[in-house]
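What follows is calculated from the coordinates using simple rules that are stated; it is not laboratory data. Keep in mind the model is a prediction, meaning the values are calculated, not measured. Because the Cβ atoms are built from the backbone with ideal geometry, glycine has one as well, and the counts that use them run over all protein chains shown.
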Amino acid sequence: MSQLTELFYTLSGVQHPQSYLETGCYQGLNIEKIISTNKYQEYHSIELSEQWYEYNRTRFSHRNNVFIHLGDSSTILGEINSPSPKTIFLDAHYSGPGTAHGKLETPLLEELSILASSNLDDDTVIIIDDIRMLGHKGLMPGNGHNYFSYDSDWSDITLENIANIMGTSFTYLTNELSWLTEGPTDQLVVFKTSKDRGRAMEKLNELIKI
């Protein structure tokens, strides 16, 4: 799940968000878990597949603070007006049969370009999923449940390119031992904080790796 931990908020000094925005809804499992925490005023999810858009729009139609958006996140992300600060979860990429493939296998760099130019609130946090795929090209194994093996090419999607887009005012931390989010370890958390806090969290992350 892409829920930030209380430890993250304590150590970073980031304030709790008002809205949650994700790209890549698919079967709605992640957004369902996030909604169940009842920690946000609004919940937004972007889905490229019309099939899964209709499925989730119906599924969450009883919630007046849940909004499912149809389309390519590299376009729609910049059009959504939701309260700040936000938690933004980027997970819109092709994941094999049953998932949508847009003009790009993953629009991650395009999504980040939109966010970088949108004057993000200082307490907005970006979570990037599946960073095990950064720079990867070849067969990506499935998990035997929701996804199947597929050919993948994230050659240009690297941590260096992510940092080049977002800039030096952000701290970039991997979710070692799931101490930043309640999700898997292959998530990257991108956020603004004071330089002292950022350096302290970077050092802590290095210690956790060891």
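Here are the numbers for this structure:
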{"quantity": "Cα-centred dipole magnitude for the chain, charges only on beta-carbon of K, R (+1) and D, E (-1), debye, nearest 20", "calculated": "460 debye"}
{"quantity": "Positive minus negative residues near Asp186 (Lys, Arg vs Asp, Glu; Cβ under 15 Å)", "calculated": "-3"}
{"quantity": "Net charge of Cβ neighbours under 11 Å - reference Lys103; Lys, Arg +1; Asp, Glu -1", "calculated": "-3"}
{"quantity": "Cα centroid separation, region 32-76 to region 165-210 (Å)", "calculated": "27 Å"}
{"quantity": "Gain on full stretching of the segment that runs from His101 to Lys209 - 0.36 nm per residue minus C-alpha separation", "calculated": "35.5 nm"}
{"quantity": "Fully extended contour minus Cα-Cα distance, from Ser84 to Asp121, at 0.36 nm per residue", "calculated": "12.7 nm"}
{"quantity": "Antiparallel bridges, percent of DSSP beta bridges restricted to the chain (to nearest 5)", "calculated": "40 percent"}
{"quantity": "At R0 = 30 Å, FRET efficiency that the Cβ-Cβ distance of Ser113 and Leu11 yields, to 0.05", "calculated": "0.60"}
{"quantity": "Relative contact order for region 54-129, counting Cα pairs under 8 Å that sit 6 or more residues apart, in percent", "calculated": "38 percent"}
{"quantity": "GNM flexibility winner over the chain from Glu79, Glu32, Glu50 (Cα, springs under 10 Å)", "calculated": "Glu79"}
{"quantity": "Filter on Lys33/Lys209; Lys86/Lys203; Lys86/Lys195; Lys103/Lys195 - keep pairs with C-alpha separation over 32 Å", "calculated": "Lys103/Lys195"}
